[in-house]
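Written below as structure tokens is the structure these notes are about.
The values are calculated or read from the model by the stated rules, or taken from the named source; none is laboratory data. Computed from a predicted structure; not experimentally measured. Every residue, glycine as well, gets a Cβ built from its backbone with ideal geometry; the counts of neighbours run over all protein chains shown.
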Amino acid sequence: MSKISQKGHIAVLAFPFGCHAKPVLNLVCKLAKAASNTRFSFFNTSKSNDLLFLESESEIPDNIKPYYVSDGVPIGHVLTGNPLEAVDLFLKAAPENFKTEIENAVAETSERITCLLTDGFLVFGCEMAENLGVPWIPVWIPLPCTLSAHIYTDLIRHFCANDGVDSQDKTLEVIPGLSTMRISDLPEEVLPGKSLFSHTLSRIGQVLPQSTAVVMNFYRELNPTLLENDLKSKFPKLLNVGFLTLSLPPLPLLPSKSDGTGCLSWLDQQRASLVAYISFGTVGAPSRNELVALAEALEEIGAPYLWSLRDNFKDLLPYGFVERTNNHGKVVPWAPQTQVLGHSSIGVFVTHCGCNSVYESVANGVPMICRPLFGDHRMTARMVEEVWGVGVKVEGGVLTKSGVINSFERILENEEGKKMREKARTLKEIVGEAAHEPSGSALKEFKTLLDIISLS
Ligand code: UDP
């Protein structure tokens, strides 16, 4: 980036785990295109930055520059593979790792920071912005109901300790906006825990209300009661700028990785609305027994399927499964998911309920079979099944052969499935309207965000 900015220098602080950093970078790309005289310095670990910036190089406006912060893993330390370990090491190194690089960026550009935009999990942004004397704008990536769970953590803990002890299935009816949620749906971090991550998230309710504005990776029309009647009153501004991993008009977005695995051309040969797309995201996976059960179910019902399964899990599939089903199925290590879900052949998405995956399914009108894995997935699955009515959670919460077959029948065959498909189409239309010019709500809220940043 050669030109000197005329209008501000925004420091963007990413949370480099799961799929948090990509939607934040997408938002920053939109902002940077709209505010071409503003400088955006994007602070993230090298592992996460390399993935994001290499993948999207040609699409990144030149007023965004990546900076590399320490991941906090001591030299020579071998990670156990438990994702929480890496998160805790990173949080232990923060915010010093960010501060060092911000100072470098300021020295390099001779431009002081004028605004701090961070992932909503990075609660230290509040104090950091205060010390810099600039606005703080946290971006909340998961569903709004999970923000409520963090805002009301104290109330929830009190409820669980006093009223909810007997039943994990008890609804959280006394917690604003969470009346359909069960205690068992809550992210592990909402209940008392020992990890640094858990401690960090327990501060969300205290610090996010002190921000200048909270940006939501969401359309307010999809949960107006919660957003308008409750969450909105908690923050100076709550800006629902739309789903940030999707290229919905009119905002330009980064493309998915190219279709190196030939998914789209394979889908072109399938019949409409029948293919099951399967992916459990980029972090976790169900157990081996569950993967086997899912494979056996697919084989028994002969369902056409496209399965994005990382190579290290492929060996866990039943012997000969891929070969036996290759006339109606395809297993790939990576799929261009946003395009796959938009393909007319897709009839159902078997998902872990990561928020981005669910948003991509909602935006494309695809009903879901949910196998939530951890964290906010169970709350998201509850939204999908009970609030939006666009999917089913697998029986017992784990994949069994009979449970998968039953879920397929419920979605693809009977009257119940017809209703779900109709509701999925309606949600797609709602999202389409909210995303479109000139009256789309997401566009208006994006412009408000742009004003805040430009005036800072
Ligand atoms: N994804 C993809 N291709 C794949 C698997 C995943 O493009 O084969 C993308 C998907 O579109 C989504 C993200 O990876 O944007 C997964 O994010 P999500 O929040 O659903 O789950 P996480 O990976 O954070 O558990």
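Scanning the stretch 351-393 for residues that are of a type outside the set (Ser, Thr, Tyr) and under 11 Å from the mean Cα position of the chain (by Cα) turns up 353, 354, 355, 356, 358, 360, 376, 377.
Kindly indicate whether residue 25 is of a type outside the set (Ser, Thr, Tyr), within 19 Å of the chain's Cα centre (by Cα), at pLDDT 95 or above and within 16 Å of the ligand (Cβ to nearest atom).
So residue 25 fits the description; yes.
Among the residues making up the stretch 36-59, those that are touching a residue at least 40 places away in the same chain (Cβ under 8 Å) and under 23 Å from the mean Cα position of the chain (by Cα) are 41, 43, 45, 55, 56, 59. Scanning the stretch 234-261 for residues that are modelled with pLDDT of 95 or more and loosely packed, with under 15 Cβ neighbours inside 10 Å gives a single hit, 236.
With the condition being among the polar types (S, T, N, Q), surrounded by fewer than 22 Cβ atoms within 10 Å (Cβ to Cβ) and in contact with a helix residue (DSSP H, G or I) (Cβ under 6 Å, 6 or more places away or on another chain), I'd like the helices (runs of 4 or more DSSP H) fully within the stretch 148-220 carrying at least 2 qualifying residues. Result: 196-201.
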